[in-house]
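Take a look at the structure below.
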Amino acid sequence: MLHRRHRRLEVRGREHGAKKKKKKTARPPPAPRSHAHFSHLTPLLSSPRIAELLHTSSLLAYVGAGHTAALTPRRLALSNTARGGATIAELPFAGGLVGLRLNRARLVAVLAGATHVYALESLEALAVLPTGPNAGGVAALSDGVGGDQGAPGRLALPAPPPGRGGGAAQAGRVRVFELREGPPRPGPGGSAGALAPSVELDAHRSPLACAAWSADASVLATASTRGTVIRLWSFPAGVPVGAVRRGASSAVITDLAFLGGGGGGALGGGGGGGGGPPALLAAATAHGSVHLFRLEGAGWKGRAAAGPHFSATAAALASFAPSALVHRRADAVIRLPAPTSGSIVALHPPRRPAAASEGGGGGVAPPPPTASPDSGATVCVVTAEGVLYEFGVAWPAEPSPPGGGREKERRGVAARVAAAWAGGSGKHGEGGGGGEGRAAVALEREMFVGRV
């Protein structure tokens, strides 16, 4: 009898255990985290150190991190991502590469003490340019000049020390080269035919940390390792035309980007192109913030020496003492939801909503009056941890002139519409000291794209 009882308990225990096991295995697996699919690039970029894509083409230049013999940091490889990452060409170097830049005509390879310039089509060596200490690979290569994206462009690099005893005082100097068409001729570094005479800028007291060109290469933005002030320079003259202040405390600026300026116009009204001067400047920092500065309109005029009547006297004063320019603070500051050690930033015109009601029925707000930088911008940020953020920014209404009641009312309505269209919550950003009121900042998209 006791034996039968033990048998019943054992059978019940087995059944109970089987039921538990069945419930455990029947539980659905957790949903995978949303991320971009780059399976065709995984074997190619298993251990990259630097990667640079030519706009939206399939031409990719990359340098390995040195974990394998094929991915040595002393070799630059060009590959075609549309053909499974097939290698097109390789360029060996004596030292490790710290930076890469590409445009439609030139390939720039940056080493810690020199920069090599190649013709992209033939990979012919055009110039070897000595630089100052450049472990961060700082270099700014424009996409053509004056709207011609097929032109070689302009190249900004840290200037080399002038000689003994002058290195410390010249730490923040920048040398700008005008790249030319045609083969090189005998000259310093073999670059007499590939480069125009350079222009040197006494930009900062601290070493150069970041630089960026506007779309038409008419304006250059530079920032030092201190990261408190960003200076703006007009080209081809190379004169300072403005300065904006990121903040009072030091912060590493990891990237700069412009929006607008595709028609040959420069700050100061001397360009005369159809696209005008750049409208917006963004600065990303290692503290997890992105600072936005409006460079045209009422927000900029009168606050910096870069208005349409920037005289020769003001230019001479600015070239003699760039610190005399007015330092304007950011119009908006975006705080990233998660901390980061660095990020890159890109700016785009604001997006129109997919559907809108013109008659105002159904409570659907109409689209903004114009999809231009004056009404806002789309800010894309990719962090070093591999997260892509996309923010919508809407600017507040600008003050109307005296007696313009209808204009003031129209701008107020436009500002409310733009704020509703962009989210209007202000959760991830705040207005700065340069604008009238606060800019509306809304997080529109967050996606994990893989650690970069």
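The values are calculated or read from the model by the stated rules, or taken from the named source; none is laboratory data. Here the structure is a predicted model, which means the values were calculated and not measured. Here the Cβ is made from the backbone with ideal geometry for all residues, glycine too, and neighbour counts use every protein chain on show. Each accessible area value is taken on the protein alone, full model and side chains, heavy atoms only, with ligands, DNA and RNA left out. Shrake-Rupley method; radii C 1.70, N 1.55, O 1.52, S 1.80 Å.
Looking at the stretch 123-164, which of its residues are within 17 Å of PRO278 (Cβ to Cβ) and assigned to a loop (DSSP other than H, G, I, E, B)?
Once the filter is applied, which keeps residues that are within 17 Å of PRO278 (Cβ to Cβ) and assigned to a loop (DSSP other than H, G, I, E, B), the stretch 123-164 yields SER142, ASP143, GLY144, GLY146, GLY147, GLN149, GLY153.
Step by step: first the residues of the stretch 220-234, then only those that are in contact (Cβ under 8 Å) with a residue 60 or more places away in the chain and out of contact with any Gly (no Cβ under 6 Å at 6 or more places or on another chain), then the one that is most open to solvent (accessible area, probe 1.4 Å). Which residue is that? If you could, list the steps in order and put the result at the bottom.
Here is the first cut: in the stretch 220-234, the residues in contact (Cβ under 8 Å) with a residue 60 or more places away in the chain are 220-223, 229-232.
Then drop every residue that is not out of contact with any Gly (no Cβ under 6 Å at 6 or more places or on another chain), which leaves 220-223, 229-231.
On the way: LEU220: 0, ALA221: 0, THR222: 0, ALA223: 0, VAL229: 14, ILE230: 0, ARG231: 34 Å².
The selected residue is ARG231.
If I go through the stretch 143-171 residue by residue, how many of them are on the phi < 0 side of the Ramachandran plot and at pLDDT 70 or above?
17
Which of the numbered conditions does GLN149 fail, given that it passes all the others? Conditions: (1) buried (at least 19 other Cβ atoms within 10 Å of the Cβ); (2) within 22 Å of the chain's Cα centre (by Cα).
(1)
State all residues of the stretch 91-105 that are in a strand (DSSP E or B), open to solvent by 10 Å² or more (accessible area, probe 1.4 Å) and either in contact (Cβ under 8 Å) with a residue 24 or more places away in the chain or touching a Cys at 6+ places or on another chain (Cβ under 7 Å) (or both); if no residue qualifies, say none. I'd like the intermediate steps shown before the answer.
Of all residues in the stretch 91-105, those in a strand (DSSP E or B) come to 91-92, 97-102.
With the extra rule that they be open to solvent by 10 Å² or more (accessible area, probe 1.4 Å), the set shrinks to 91-92, 98, 101-102.
Of everything in the stretch 91-105, those that are in a strand (DSSP E or B), open to solvent by 10 Å² or more (accessible area, probe 1.4 Å) and either in contact (Cβ under 8 Å) with a residue 24 or more places away in the chain or touching a Cys at 6+ places or on another chain (Cβ under 7 Å) (or both) turn out to be LEU91, VAL98, ARG101, LEU102.
Can you name the residue in the stretch 431-447 that is assigned to a loop (DSSP other than H, G, I, E, B) and open to solvent by less than 90 Å² (accessible area, probe 1.4 Å) and is also modelled with the highest pLDDT among such residues? Lay out the reasoning, then the answer.
If we filter the stretch 431-447 for residues that are assigned to a loop (DSSP other than H, G, I, E, B), which is where we start, we get 432-439.
Right, trim to open to solvent by less than 90 Å² (accessible area, probe 1.4 Å) and you get 432-435, 437, 439.
Values: GLY432: 53, GLY433: 47, GLY434: 43, GLY435: 40, GLY437: 54, ALA439: 81.
That would be ALA439.
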